[in-house]
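The values are calculated or read from the model by the stated rules, or taken from the named source; none is laboratory data. As the structure is a computational prediction, the values presented were derived from the model and not from experiment. Note: ideal-geometry Cβ built from the backbone for every residue, glycine included; neighbour counts use all protein chains shown. Surface areas here come from the heavy atoms of the whole protein model, side chains and all, with no ligands, DNA or RNA. Shrake-Rupley method; radii C 1.70, N 1.55, O 1.52, S 1.80 Å.
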Amino acid sequence: MEQTKQLVETIKAGIQEKKGSQIVIADLTKIEGTICKYFIICQGGSPTQVEAIAESVGDMCREQLKEKPAHVVGLENAQWVAMDYTDVLVHIFLPDVREYYDLEHLWEDAKLTRVPDVD
């Protein structure tokens, strides 16, 4: 479990490195039948920033933890990029796409941690 928490912190740092905003960490560990232990949801202001956040997350996880995502989808249009680290799923959205899918409410029975934006 400690390794998973380290992965969550590294992903958060990768998002913050590129000024990703409105980070929400959903702890799914107490919910039966989930596909992973954590969801990390954030947003970027443009497709270019969404792509940069995904790249930053990937680089930091690889360099610091020797972790690579099992799958990455959505880079073609960079409106919603999903990165699958098995125990942690990362969702990087454009604001309007995030609002439309509203993943936070889908997992509202999870413990949600809202991370303050960095300046």
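Residues in segment 76-85 carry Karplus couplings, in order, of 4, 10, 6, 9, 8, 9, 10, 10, 9, 9 Hz; the curve used is 6.51 cos²θ - 1.76 cosθ + 1.60 with θ = phi - 60°, and Gly or Pro positions show x. Which FRET efficiency, nearest 0.05, do Glu32 and Asp119 yield, Cβ-Cβ r, R0 41 Å? The calculated FRET efficiency here is 0.55. Each principal axis of the Cα cloud of segment 44-89 was taken in turn, and the coordinate range along them, longest first, works out to 28, 17, 14 Å.
Where does the charge balance sit around Ala52 when Lys and Arg score +1, Asp and Glu -1, over other residues with C-beta under 15 Å from its C-beta? Result for the neighbourhood of Ala52: -2. Using Cα-Cα distances under 8 Å and only pairs 6 or more residues apart, what relative contact order does the chain have, in percent? Averaging sequence separation for qualifying contacts and normalising by length gives 33 percent for the chain. Split the accessible area of the chain by element, probe 1.4 Å, and carbon with sulfur accounts for 48%. Neighbours of Lys19 by Cβ distance under 14 Å: Lys/Arg scored +1, Asp/Glu scored -1, total -3. With the simple spin-label model, which puts each label point 7 Å out from Cα in the Cβ direction, the Ala70 to Glu9 separation comes to 2.5 nm. With all protein chains kept in place, the per residue accessible area of the chain amounts to 57 square angstrom at a probe of 1.4 angstrom. Based on every Cα atom in the chain, Rg and the maximum pairwise Cα distance Dmax equal 13.0, 37 Å. Taking all protein chains as shown and a probe of 1.4 angstrom, Ile31 keeps an accessible surface of around 40 Å².
Accessible surface comparison of Val97, Val72, Val81, probe 1.4 Å, protein chains only, largest first: the order is Val72, Val97, Val81.
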